[in-house]
Amino acid sequence: MKAVKYYMKKTGIMALLLALLTACNKEEQEVEKAIHVVVNGYNGSEHEWEVAIDTTKYSQYVSNGKFIIRSASITGFEATYIYRTAQLHGQMTLTDRTTGKVVLSQPLPATGTKAYFNFIYIDGKELALNEPAPDAATNKLGFYLYGIDKNTPVDMFLYRKDGSSGKEYREYLVKNVQPGKWVYIDYVAPVNFDNKSVLRNAFIYFTKAGTTDQWAFQDSEALSKLSLFGMSFPIAGEKGLVLPYFIKYSERPLEKSRMFFHPDRVW
């Protein structure tokens, strides 16, 4: 009888421990977690896209449709997704709102706090970035000019005007760029464009190849410049970065999409 009671007591303790462990595991699995999801690129199709993260759709009914990716527009989707499972197993999808066709489907990372996706869609297909390998001796800046006559090459240079002295500074980035193709250049921040403060007030200017004052787009200075604010250009001492930019022209101020995600680079 004593043996039976001992066995029952031991069994009960084990069952209690098992129940506690199960409860702890369940509690661990149900802890609220968050992941920052970013989609950058360009929607060159004729239809709008809807983003879905795992089982959550960011439809026209969410925040008055602000997450819908418009046709012929730069993509800049950002959202914080909350989940309560130990790991993510879902997908990030882009769906054509007119046809219902899934344009892009990519797995979400099982762990971590950020998920980043690049997707440039033009001429009915995805445009590859063709990124070069990082180089510890320099930075690699990439530029793709879209919406521009492919037979009209352009020169690109940095420009800023000192607000106190009025002195102008110029530094060529690259010459004879052919639109519709990626061009990657080696770049180390030049002395007059090497800190966050000056970069916020600087521009990239575009001129017709071989000229310094013939504006590339509609002979207009306003349409032939792009602010460096928000482009996160390298600063003094930085090397080893690969930073591609998709630049769109469409008879209005130039637009850009940064094809990289560095949350700590906010200049």
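The values are calculated or read from the model by the stated rules, or taken from the named source; none is laboratory data. None of these values were measured; they are calculated from a predicted model. Heads up, the Cβs are rebuilt from the backbone with ideal geometry, glycines too, and the neighbour counts pull from every protein chain shown.
Would you check if residue 167 is closer than 30 Å to residue 236 by Cα and outside the structural domain of residue 48 (by TED's automatic domain parsing)? Judged against the criteria, residue 167 is a match.
Assigned by TED's automatic domain parsing to the domain that holds residue 152, in contact with a Lys or Arg (Cβ under 9 Å, 6 or more places away or on another chain) and among the basic types (Lys, Arg): does that describe residue 248?
Working: assigned by TED's automatic domain parsing to the domain that holds residue 152: yes; in contact with a Lys or Arg (Cβ under 9 Å, 6 or more places away or on another chain): yes; among the basic types (Lys, Arg): yes.
Criteria met by residue 248.
Considering 89, 47, which residue is touching a Pro at 6+ places or on another chain (Cβ under 9 Å) and not hydrophobic (A, V, I, L, M, F, W, C)?
On the way: 47 fails: touching a Pro at 6+ places or on another chain (Cβ under 9 Å).
That would be 89, the only listed residue that is touching a Pro at 6+ places or on another chain (Cβ under 9 Å) and not hydrophobic (A, V, I, L, M, F, W, C).
Evaluated against (1) farther than 19 Å from residue 262 by Cβ; (2) in contact (Cβ under 8 Å) with a residue 12 or more places away in the chain, residue 101 falls short on exactly one condition, (2).
Apart from one condition, residue 136 fits all of (1) surrounded by 10 or more Cβ atoms within 10 Å (Cβ to Cβ); (2) over 27 Å from residue 210 (Cα atoms); the exception is (1). Residues in region 201-220 that are loosely packed, with under 14 Cβ neighbours inside 10 Å and not β-branched (Val, Ile, Thr): 201, 210, 213, 214, 218, 219, 220. Restricting the first residue to region 182-194 and requiring it to be surrounded by 15 or more Cβ atoms within 10 Å (Cβ to Cβ), which pairs with a second residue that is outside any helix (DSSP H, G or I) and hydroxyl-bearing (Ser, Thr, Tyr) meet a Cβ separation below 9 Å and a spacing of at least six or different chains? So the pair list comes out as 182/144; 183/144; 187/138; 192/169; 193/169.
May I ask you to list the residues in region 240-267 that are surrounded by fewer than 16 Cβ atoms within 10 Å (Cβ to Cβ) and charged (D, E, K, R)? Before the answer, list the steps.
Narrowing region 240-267 to residues surrounded by fewer than 16 Cβ atoms within 10 Å (Cβ to Cβ): 240, 250-253, 262-264, 266-267.
Scanning region 240-267 gives 251, 252, 264.
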